[in-house]
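These notes concern the structure reproduced below.
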Amino acid sequence: MNKYTLLLLILILSSCDSNTLDSKKDRLDKLNNSLLDIELEIKNLEEEIELLDSGFNKKNYVYISTISPDVNKFFHKVQLRGTVFSRRNVLLNSEMIGRLKRIYVKEGDSVIKGQILAEINSDVLINSILEIKTNLELFKVIYERQKNLWENNIGSEIEYLKSKSNYDVFLKRFETNKIQLLKYKIVSPFSGMIDKVFLNEGEMSFPAAPIFRIFSGEDSYLNIDASEAYIGKFNIKDNVDIVIPNSDTKVESKILSIGQVIDVQNRSFSIEINIPESLQELVKPNQLMVVEMVDYSNPNAILIPSNVIYSDDTGEYVFGTKEFDGTIIAKKISVIVGKSYNYKSEILEGLDGSEIIIDKGSTEVIEGAYVQIIKD
């Protein structure tokens, strides 16, 4: 009878005896004893073979370096594009219809608040004012005489009131025309620079046609159209960083206002960012700029380098270490990753900060691989 036939008979007999609880316990004890005997024999054979063959059963180590998770404050930033606007970038129109008599400035000129930029021909109005002034002087004399007579109980009250009414009417008409005359002069509403002159001397001006564009960078701001996905992520007075164009330099600023209405066309809301004085002269209206904004923070986040996180069908994981059989092996640790920024990732679940994580060499290990830690 060969060994295979003997093994078959043993299996048949064991299956016949396995119906009772006692027989099952006996069988378990026999198997455990057999397993111990086998392990002992394997160990003895390995030791004997290693004495004859030094290369037998030699462990293949992966050399690694390790790190510990960093428990620290974590910021996640997003970059959003904004457009430069200015509250002092205006088109100046005339309030009156008329021919431009004189233009006193040209493009690129600096002007101050209240400076006269241009005049519209007002000869007709000036002649009308002179006529009114002449009549006003006459009615003033008549009124003063009637007033003196009335105070001395001479003359009728009707004559006095009529002279007073005529004088008041022409006085108001005179004042109104003087105010209207001022509207024939185009005056700078603030100090700034003439960016564009749209008309020439001799051309007709209309209230709907601009004459000048005047600009000052003192009240510029950035407007961002932020996706509705960022609702609740930002607050007024939050710090932000404005990236200076064509450089890596950033300037700190703050959020001035946050829109409360969602635009139905692009599903966004507006955020207004202050432009510091140091940038006022470097930016221009309608210029696009990049702003870095903090949309998430955690004061006690568990952080690890993003490049030591891997994923498979079961999810994301990192490699740690554990002792086994007198040596150190790689251990797969499942994690749930939060946000990542600046090459670091936040671990939401799976680590508590006390673990030893494989850093260098993590791409070369697998679960259970023998590792040897090296010092940098």
Problem - Residue with peak Gaussian network fluctuation, the chain [Cα springs, cutoff 10 Å], from 31, 51, 348 - result: 31
Completion exercise
Residues whose modelled amide H sits under 5 Å from the amide H of residue 369, counting only those 5 or more places away in sequence or on another chain, are 330
Practice task
With springs connecting C-alpha atoms under 10 Å apart, model the chain as a Gaussian network and identify which of 140, 113, 331 has the largest mean-square fluctuation.
Solution key: 140
Completion exercise
In segment 244-376, lysine pairs 8 or more places apart or on different chains with C-alpha atoms under 18 Å apart total 9
Handout entry: Inter-probe distance in nm under a simple model that places probes 7 Å from Cα toward Cβ, at residue 124 and residue 193
Key = 3.9 nm
Completion exercise
Amide H contacts under 5 Å for residue 287, restricted to residues at least 5 apart in sequence or on another chain and with H modeled in the peptide plane, are 84
Problem - Residues whose placed amide H lies under 5 Å from that of residue 102, excluding near-sequence neighbours - result: 119
Problem - Estimated vicinal HN-Hα couplings, Hz - segment 147-158 in sequence order (Karplus 6.51, -1.76, 1.60; Gly, Pro = x) - result: 5, 5, 5, 5, 5, 9, 6, 10, x, 9, 5, 4
Fill in the blank from the handout: In the list (i) 130; (ii) 205; (iii) 360, the entry giving volume of the Cα convex hull per residue in Å³ computed from the coordinates is (iii)
Fill in the blank from the handout: Helix 3-17 sits off the longest principal axis of the Cα atoms of the chain, rounded to the nearest 10 on a 0 to 90 degree scale, by 70 degrees
Practice task
List, in order, the whole-Hz ³J(HN,Hα) value for each residue of segment 192-204 obtained from phi through the Karplus relation with A = 6.51, B = -1.76, C = 1.60 and θ = phi - 60°; use x for Gly and Pro.
Solution key: x, 10, 6, 8, 8, 10, 8, 10, 10, 4, x, 7, 7
Completion exercise
Any lysines whose Cα falls less than 29 Å from that of residue 140, other than same-chain ones fewer than 8 residues away, would be 162, 164, 172, 178, 183
Exercise for the section: Any chance you could run the full-extension gain for residue 363 through residue 20? It's 0.36 nm times the residue separation minus the Cα-Cα distance, nm to one decimal. Expected result: 118.3 nm
Problem - Cα centroid separation - segment 170-242 against segment 67-133, whole Å - result: 4 Å
Practice task
Report, ordered by chain and residue number, the aspartates and glutamates lying within cross-link reach of residue 237, taken as a straight Cα distance under 16 Å and ignoring same-chain residues fewer than 8 apart.
Solution key: 252, 272, 292, 295
Practice task
Round to the nearest 0.05 the FRET efficiency obtained for residue 342 and residue 87 when R0 = 41 Å and r is the Cβ-Cβ distance.
Solution key: 0.70
Handout entry: For the chain, built as a Gaussian network whose Cα springs stay under 10 Å, the top-fluctuating residue of 28, 91, 52
Key = 28
Completion exercise
With only helices counted (DSSP H, runs n ≥ 4, each -39500 (n - 2.57)), the per-residue ellipticity at 222 nm for the chain, to the nearest 500, works out to -10000 deg cm²/dmol
Fill in the blank from the handout: Phi angles of segment 350-359, converted by Karplus (6.51 cos²θ - 1.76 cosθ + 1.60, θ = phi - 60°) into ³J(HN,Hα) in whole Hz with x for Gly and Pro, give x, 10, 10, x, 9, 6, 9, 10, 6, 9
Practice task
On a 0 to 90° scale, report how tilted helix 21-52 is relative to the longest principal axis of the chain, with both axes built from alpha carbons and the result rounded to the nearest 10.
Solution key: 90 degrees
Completion exercise
Between the alpha carbon centres of segment 302-376 and segment 272-290 the gap in Å comes to 44 Å
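Laboratory data are not the source of any read-out in this text; all were calculated from the coordinates shown. Please read all numbers here as calculations on a predicted model, not as lab measurements. Using ideal geometry, Cβ is built from the backbone for each residue, glycine included, and neighbour counts are taken over all protein chains shown.
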